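Presented below is the structure to which this report refers.
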Amino acid sequence: MTRAKVAIVLFNLGGPDKPESVRPFLINLFTDPAILRVPFFVRPLLARIIAYARTKPATANYAYLGGKSPLLELTQEQGRALESALPELNARCFVAMRYWHPFSLQAARAVKAWDPDEVILLPLYPQYSTTTTGSSLTAWRDAAARAGLMKPVTTICCYHSDSDFAAATAALVRTSYHKARAALDPSVPLRVLFSAHGLPEVIINAGDPYQYQVEQTVASVVHKLAMPELEHRICYQSRATPQKWIGPSTEQEIEQAATDKTALLVVPIAFVSEHSETLVELDIEYREIAEQLGVPGYFRTPAQNSDPGFIAALAGLVRHGRSEGVGLCSYGHGRTCPAKHVDCPHARAGIEAPAGPALSVVLAEAA
């Protein structure tokens, strides 16, 4: 029996591959209209000003990681693992980074040269945002057109509350929770901080579903944990502009933990690969803050990387996407976001919001 030839395009942020790449990477990031939402004639200059100001501290951060981001290698490893998890398919994974090599055009040309039967677009962002998956989809459509790639395409927009993804994430949290609990004095309480990358409030208020989906992810993971004693909170990190960002911030929650004299287990809930915001921001910068403030313990759950449970969840999403057919789908078939989230891709496609309770809650209760 001939196996279907399926190209799986993995979307991710990208990261500099050497110190000299840091500034152009930052310029690419802040030139993106999905990130820096100012008039187009102002954006190029403002992007360079911001990139110039951030180059030195960003370069210092990457110095902790050997002068480069590990994101490409980790994403490639995820791709190889995903190919192996789909033995019924002739599957090949292609990496399309948004702000550094390999860009979408390189990936689209590679997909065309391989000549698959169909293409699955799979973001390595569990929660949809116009600033991440949305921006990557825009770049991919342009790249595919330029490359002359014309194949049936299925787009998986989000999997924030996918049962297998939630279970795999919960397994990582449970293991690190028990390790942290064993390292602490029994009298010291332990709080779980689910930390996600932040966004300016103006983007959320305009209808971006990201914050809603982060909350749904946390609800699904906590449900899978089934730990009645668990105390947990959601917070947001990595503020990058002077605007008001969604909160509370991770720094604020660390300060609160010091006041409450509770230890912390930080879980990177919107990142599925280790990179500077986990390895430097969470592991070094926030740890130092916690120690300076007297937080009685600071621990972190690792990102999924190529964890077998996570890879199995991605394989399930590929199978689900193929069963849905050409077009846009989520882990839950159609739209999962309430009506107010007008920047949900299903909303933009004219698909009505689900009635009743949030779909992820319904699925969690049925799991």
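The values are calculated or read from the model by the stated rules, or taken from the named source; none is laboratory data. All of these numbers come straight from a predicted model, not from anything done at the bench. We place every Cβ from the backbone using ideal geometry, glycine too, and count neighbours over all the protein chains shown.
So that you can scan it fast, the table gives a plain yes or no per residue for (1) among the polar types (S, T, N, Q); (2) crowded, with 19+ Cβ neighbours inside 10 Å; (3) not in a helix (DSSP H, G or I):
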| position | (1), (2), (3) |
| --- | --- |
| THR130 | yes, yes, yes |
| ALA167 | no, yes, no |
| ALA170 | no, yes, no |
| SER187 | yes, no, yes |
| GLN213 | yes, yes, no |
Which count do you get for residues in segment 283-301 that are in a loop (DSSP other than H, G, I, E, B) and either in contact with a strand residue (DSSP E or B) (Cβ under 8 Å, 6 or more places away or on another chain) or surrounded by 15 or more Cβ atoms within 10 Å (Cβ to Cβ) (or both)? 4
Selection from segment 224-264 of residues among the β-branched types (Val, Ile, Thr) and either surrounded by 15 or more Cβ atoms within 10 Å (Cβ to Cβ) or assigned to a loop (DSSP other than H, G, I, E, B) (or both) yields ILE234, THR241, ILE246, THR250, ILE254, THR262
In this structure, is ARG239 basic (Lys, Arg), at pLDDT 95 or above and under 30 Å from PRO19 (Cα atoms)? no
